[in-house]
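Written out below as structure tokens is the structure these notes cover.
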Amino acid sequence: MRRLQLICLFVVLTTLCAFGQQPFLSPHHWTALRDESSGAAPYENLRYLTGLHRVPATADFDQAAQFVLQRAREYGLADAHSEQFPIDGTKQYGLMRSYLAWSVEEARLWEIHPQHILLGDWKTDPIHLADYSHSADVETELVDVGYGTSEGDYSGKDVRGKIVLADGVLARVQELAIVQHGAAGIVSDMPNQTTAWSGLDTTVVRWGHLNARQPSGFAFMVSRQTAEALRSRLRGTETVILNAHVKATVGPGYWTVVTATIPGTDSAAGEIVYSCHLDHERPGANDNGSGCVTILESARILARLIDSGQLQRPKRTLRFVWGPEVEGTMAFLASHPEIRQRLRANIHMDMVGGDPFKNKSVFHVTGTPWSLPSFVTDVGALFLDTIRAAASGYAAGEMAADTGIVESRAGGQGTRNELVADVTPYSSGSDHDDYDSSTIAVPSLYLRDWPDIYIHTDHDSLDQIDATKLRRVALLGAASGYVYASVTAQQLPTLLPFLTAQAEARLAQAFGPAQQLVDDPQVEAGAAWYEARNLVDQTLQRENATLHSIVEFTGGPGAADANGAKALADQAAGFQHWLDAQTRFRGAKATAPTASWASDPDAKRVPIRVGEFGPLTYQNDNVLLARLGKDRYGKIKLINSEATPMLNVRDQSELYAYEIVNFVNGKRTVGEIRDAVSAEYGPLPVNLVADYLQACVEAGAVQWK
Ligand SMILES: [Zn+2]
């Protein structure tokens, strides 16, 4: 009886409290979005995409683009069209150099002696041919060169005209084996995207890429099992003869990008852009067919509810973009400065459908970097909590299927899994790096699975995908985008208290690491004190900027967030007081700590960005390396990580580099930039920052003021 009462109370409460999506959306709007969402639609669209080997600037990629375009039109999106951007390896899009196109007619690798075995055929399994392989017709011996990535791997071996067996980074093997030692081609089982589970399943075939800028060479990818069998035979006295036939060309071409919109009511109010990346190997179900079909489903949900009047048409336009990873984003933004100007927020989906019990994925709502604090993450995090609570409630038997957002397909039940998910700080590696970078400055809600044990392999198939999860993420994307597109300054009185509470929680979280810094026995008391106070200061600045971001976004009165700022300042003052007390306990005498860089003249210089827009690294281009050359690039201290006692730079140098450039705004000094990145990723000597910025100056991306 008592239990029954509790259940009744629970039912009443969950109904009254709606679903936890407030204050951003009303229960009515949430229910409409939830009930329109489907996992079956994106799952079936994904079935089509996984049949295509979607390498950018190839025929299969364009076929995938054509399919997405057709669906966008069927779903009633406006201005659905595709655009082609020429590429030739030198043409620039913003700071990024274009790459090259590739076309393949056929490719086969046979072992012809002593056995007769087909090792790979492009027609049936395109993943067996590494991207940007060139034409070849050879019948020759196979030579094991180990990793094949250092000169020593080739000593005493004659590889000229032969095929090498290697498992090192493919582009490096290409440079050494083919370009320098005259080998004809490569057979590779290079691990690509290693995870804790890498190597356990030796049957997977990994996707490989040669460097398209190199003039020759081909590579066939085989499983570790196949490669190990070949290695053990070569260790004996056996001579293995292979026959490789490739008909393929690398050269100029174009990237295709598809875009469509749901127009807002006010064309001057800006745009919200959804992105994904349409490329990758076949099947590439989670990476990243899943992101493409899920933004498409968010688009379908929103178009239908807005067109039918169930949701009011928002002020801002919703835009959807499908193109090659990073490169498509840069080409599109460089070619449409007017659209780039209008963008206000981004939702980026890259791997969002993995069944966690199959591919070990955890779904992450990923925050913006500290250089671009924004409320967009809070919106996504709240809807994640809402959906996760619903999924848990359903899994525990406390909620109905519609509330639990599960998917049933073709008469079968979808998974009833919980949503294994969290909110994480900024993490790099996809198109959101471009949106979040300072010269584009469009804050990104980055949705991603990580890890995924099948990423970039022939096992990243539809079997690993959970339609229930696709539905939940499509809902999360649609709800977040609708908020970004429709939020107004009239809502600030309810939104700011909510956002302030989130900011207070994050500020409180920074106190733990600050305490560890101040007590770090490896560091002199005064220096430790400075770093600890700096962490609290920088976190306070970040959270103030997060609060202020919604005031600016909605065009509210400048002082609308004054109460929130006061609450945060008081909270931070309390933390600093405790840190001061702990330092005195360690024996520090000064009344305030001084920066280690206070008397360094380099720290007082002010850098400013110049030239083209964009971050400094892309997956197929590195601006500093391309402009400065290998020797000068190799002398950049941050990249070459003179690790300091306070941190191991090696692991994080790319994140530091990305943020150092993002914090350059023509006002901050080198010392201030040093403090900003030190709070985000750990204390860093100021000379590493000055030295990195000097390299950026030499490359023409930054100037000293
Ligand atoms: Zn991806």
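The values are calculated or read from the model by the stated rules, or taken from the named source; none is laboratory data. All of these numbers come straight from a predicted model, not from anything done at the bench. Every residue, glycine as well, gets a Cβ built from its backbone with ideal geometry; the counts of neighbours run over all protein chains shown. In case anyone asks, the SASA skips ligands and DNA or RNA and just uses the protein heavy atoms, side chains included. Shrake-Rupley method; radii C 1.70, N 1.55, O 1.52, S 1.80 Å.
For a quick protection proxy, order the peptides 699-705, 112-118 by their average other-Cβ count within 10 Å, most packed first. Show your work: numbers first, answer last.
Working: 699-705: 16.4, 112-118: 11.1.
Per-residue mean Cβ counts within 10 Å order the peptides as 699-705, 112-118.
Taking a straight Cα-Cα cut-off under 27 Å and skipping sequence neighbours fewer than 8 places away in the same chain, the lysines within cross-link reach of K589 are K604. If you plug the beta carbon distance of I241 and R605 into 1/(1 + (r/R0)^6) with R0 = 56 Å, you get a FRET efficiency near 0.35. When you count the other C-beta atoms within 10 angstrom of each residue and take the mean per peptide, 119-129, 487-497, 229-239 line up highest first as 119-129, 487-497, 229-239. Proximity of backbone amide H atoms, modeled 1.01 Å from N, is registered between I87 and G253, Y254, W255 at under 5 Å, excluding neighbours fewer than 5 places apart on the same chain.
Just the protein heavy atoms count here, and of the accessible area of the stretch 488-556 at 1.4 Å, carbon and sulfur take up 51 percent.
The residues of the chain present an accessible area of 39 Å² per residue when probed at 1.4 Å with all protein chains retained. Distances between placed amide hydrogens fall under 5 Å for R213 paired with no residue 5 or more residues away or on another chain.
Would you work out the relative contact order for the chain, in percent, from Cα pairs under 8 angstrom that are 6 or more residues apart? Don't skip to the answer; put the middle values down first.
Working: 1441 pairs, mean separation 103.2, N = 705.
About 15 percent, as a whole number.
Potential lengthening of the chain between S427 and F585 amounts to 53.2 nm, from the contour at 0.36 nm per residue minus the alpha-carbon distance.
Calculated FRET efficiency, R668 to T488, Cβ-Cβ distance, R0 = 35 Å: about 0.60 to the nearest 0.05.
Compared with the alpha-carbon gap, the fully stretched path from T195 to A59 is longer by 45.8 nm at 0.36 nm per residue.
If I compute solvent accessible area with a 1.4 Å probe over the protein chains, what percent of it on the stretch 128-196 is carbon and sulfur? Whole-percent figure for carbon plus sulfur exposure: 46. The dipole here belongs to the chain: it is taken about the Cα centre, uses +1 on the Cβ of Lys and Arg and -1 on the Cβ of Asp and Glu, and is about 1140 debye.
Here the dipole of the stretch 601-704 is about 280 debye; that uses its Cα centre as origin and unit charges on the Cβ of Lys and Arg (positive) and Asp and Glu (negative).
Please sort 199-207, 306-314 by packing, taking for each peptide the average over its residues of neighbouring beta carbons within 10 angstrom, highest first.
On the way: 199-207: 17.0, 306-314: 15.4.
Output ranking for 199-207, 306-314: 199-207, 306-314.
Using only DSSP helix segments of four residues or longer, with each worth -39500 (n - 2.57), what per-residue ellipticity at 222 nm results for the chain after dividing by its residue count and rounding to 500? Intermediate values should be presented prior to the final figure.
On the way: 21 runs with 286 residues, N = 705.
After summing the helix terms and dividing by the residues of the chain, the value is -13000 deg cm²/dmol.
Remark: the stretch 293-304, residue by residue, has Karplus-estimated 3J(HN,Hα) of 6, 7, 5, 5, 5, 4, 5, 4, 4, 5, 4, 5 Hz, where x stands for each Gly or Pro and the curve is 6.51 cos²θ - 1.76 cosθ + 1.60 at θ = phi - 60°.
Between the residues S374, N286, I301, the greatest Cα displacement towards the positive end of the dipole of the chain, with unit charges on the Cβ of Lys, Arg, Asp and Glu, is found for S374.
If r is the Cβ-Cβ distance from S232 to R304 and R0 is 56 Å, what FRET efficiency results, to the nearest 0.05? Don't jump to the answer; show the numbers that get you there.
Working: r = 58 Å, r/R0 = 1.04.
It comes out at approximately 0.45.
Rounded, prolate or oblate: which fits the chain, taking a ≥ b ≥ c as square roots of the Cα gyration tensor eigenvalues, rounded meaning a/c under 1.5, else prolate when a/b beats b/c? Cα axes put the chain in the oblate bin.
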